[in-house]
Amino acid sequence: MPELPEVEITRQSFAQAIQGAKILRVNLGKALRWPLGCEPSALIGMQVLGVRRRAKYLLVDLSGGLLLVHLGMSGSLRFSSAMPAMGLHEHFEMQTTQGTLRLKDPRRFGAVVYARSPLDTAAQKLLGHLGPEPLESDFTVAYFKNTLSGKTAAIKTVLLDARVVVGVGNIYANEALFLAKINPKAAAGKLSAERVQRLLQAIQQVLKRALAVGGSTLKDFSNAQGKEGYFQLEMMVYDREGEPCRVCGSLVRTLRQGQRSTFYCPQCQKR
Ligand SMILES: [Zn+2]
């Protein structure tokens, strides 16, 4: 599934190329997770002002509102001036004066949603509950400690909660807890300030590395210009059940927490 790094890399790969473009036509394929929320023809003539990212949403700012694009489980965007006819798995297409933006999404958990403004109910329904960005300055130790305090749930489960911090998917939660030497079952509210700080730094470190190599999770990830060949991040514990810990040699264990797989080193992450 595309995670924060893949979404950000996708953004960077077409944001400049589409900026300033005028929308000529919008075509829809099969239904996506949520409806567009307006007639496709209502977008014609609007200008693309820029592309931002919030959590795993790409926000395409238009002269008359914005589009919220989510890649779901299997979505990818392509932006090109030379496009063949829409394929079987392509369910949204926006032709502009500078090229065509297209969403390919075989599993159709992705979506493109129009909102008149970021404060509009359509946008707030998707963005309103989101916590801070993990790499922005408002994700501070004080905020993090304060938000975790009183929570009895396991820290691993809490890290996946977008109300606490966005963009920490299952892979990054596992890897960050390993780097911070914190047991995934530890009660979130019981972590000392020092351990909370270590965890925050570990989250940022893991995400920055993933951004630097161009994503971490998708073997066949390519950006919106079709560039492939991104490296996969070398995982410390994620998806390494029964393999030796890269630090101490103990065998990596797994457990289920809130329907998600947790991977950890019983020696390095004792408490
Ligand atoms: Zn270990």
Would it be correct to say that Glu175 is charged (D, E, K, R), within 16 Å of the ligand (Cβ to nearest atom) and either out of contact with any Asp or Glu (no Cβ under 8 Å at 6 or more places or on another chain) or more than 27 Å from Cys245 (Cβ to Cβ) (or both)? yes
Could you say whether any residue in the stretch 207-215 is of a type outside the set (A, V, I, L, M, F, W, C), more than 30 Å from Ser81 (Cβ to Cβ) and either away from the ligand (no atom under 16 Å from the Cβ) or at pLDDT 95 or above (or both)? yes
Of (1) free of Cβ contacts under 8 Å to residues at least 40 places away in the same chain; (2) basic (Lys, Arg); (3) under 15 Å from Ile203 (Cα atoms), Arg163 satisfies all except one. Which? (3)
Step by step: first the residues of the stretch 221-237, then only those that are within 23 Å of Met73 (Cα to Cα) and within 14 Å of the ligand (Cβ to nearest atom), then the one that is surrounded by the most Cβ atoms within 10 Å (Cβ to Cβ). Which residue is that? Val237
The one condition Cys248 fails out of (1) at pLDDT below 95; (2) assigned to a loop (DSSP other than H, G, I, E, B) is (1)
If you check Leu71 against the conditions, is it in contact with a Gly (Cβ under 7 Å, 6 or more places away or on another chain) and either open to solvent by less than 10 Å² (accessible area, probe 1.4 Å) or at pLDDT below 95 (or both)? yes
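The values are calculated or read from the model by the stated rules, or taken from the named source; none is laboratory data. It should be emphasised that the depicted structure is a prediction, and the values quoted were computed from it without experimental measurement. A quick note on method: Cβ atoms are made from the backbone with ideal geometry, for glycine too, and the neighbour counts reach across all protein chains shown. All accessible areas refer to the heavy atoms of the entire protein, side chains included, with ligands and DNA or RNA removed. Shrake-Rupley method; radii C 1.70, N 1.55, O 1.52, S 1.80 Å.
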